[in-house]
1. Is there a residue in region 57-67 that is more than 28 Å from residue 41 (Cβ to Cβ), modelled with pLDDT under 80 and part of a loop (DSSP other than H, G, I, E, B)?
2. Every residue in region 96-115 that is more than 18 Å from residue 57 (Cβ to Cβ) and within 19 Å of the chain's Cα centre (by Cα), please.
3. So for region 148-160 (the condition being over 24 Å from the mean Cα position of the chain (by Cα), surrounded by fewer than 19 Cβ atoms within 10 Å (Cβ to Cβ), touching a residue at least 60 places away in the same chain (Cβ under 8 Å) and farther than 23 Å from residue 83 by Cα), does at least one residue qualify?
4. Just give me the residues in region 1-41 being out of contact with any helix residue (DSSP H, G or I) (no Cβ under 9 Å at 6 or more places or on another chain), at pLDDT 90 or above and either within 30 Å of residue 92 (Cα to Cα) or outside any helix (DSSP H, G or I) (or both), in sequence order.
5. Give the residue, chosen from 124, 163, that is modelled with pLDDT under 90 and farther than 18 Å from residue 44 by Cβ.
6. Out of 191, 177, report the one residue that is surrounded by 19 or more Cβ atoms within 10 Å (Cβ to Cβ), part of a loop (DSSP other than H, G, I, E, B) and at pLDDT below 90.
């Protein structure tokens, strides 16, 4: 009787096993994508934490520099504008772009500082510069970790058969946090 049951239902049992295996694989892939997205979101929070530290330091640097370099208002305006753009950003991509603009403006400010020996000799400015350099290093590390996670997700989303499941689940590639083009060019300062 048992052998008779197996022979009658053999096809259905095989189909059931295949369906269970397939469903468990799909669920595993879905959870994998969710985990990768959450890792990226969590890492972005670390990047933002360091960016906020930078933004908190910038007004102190500006105020210290302003006392000596009154003619450099363009750089101060660009920094203020970039900070406002960052604060108004709603997506990670917008925030990353605005953060890159802050980097570019900050780089121009530090080039200007090189032309003011009295500023470089100020203890408060040196302390702020050391803090800012440490923050920039932290941002670079967090950016690298973020971009590594994005790279892993993007590769997963592009691979077959993951690409099919990713499109079904609505999982898309994420943007890298890249250095803005302006930050790649060394600013020229002429007096």
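1. Checked region 57-67: at least one residue is more than 28 Å from residue 41 (Cβ to Cβ), modelled with pLDDT under 80 and part of a loop (DSSP other than H, G, I, E, B).
2. The answer is 96, 97.
3. no
4. Once the filter is applied, which keeps residues that are out of contact with any helix residue (DSSP H, G or I) (no Cβ under 9 Å at 6 or more places or on another chain), at pLDDT 90 or above and either within 30 Å of residue 92 (Cα to Cα) or outside any helix (DSSP H, G or I) (or both), region 1-41 yields 27, 28, 31, 35, 38.
5. 124
6. 177
The values are calculated or read from the model by the stated rules, or taken from the named source; none is laboratory data. Computed from a predicted structure; not experimentally measured. In this analysis, Cβ positions are derived from the backbone assuming ideal geometry, glycine residues included, and neighbour counts consider all displayed protein chains.
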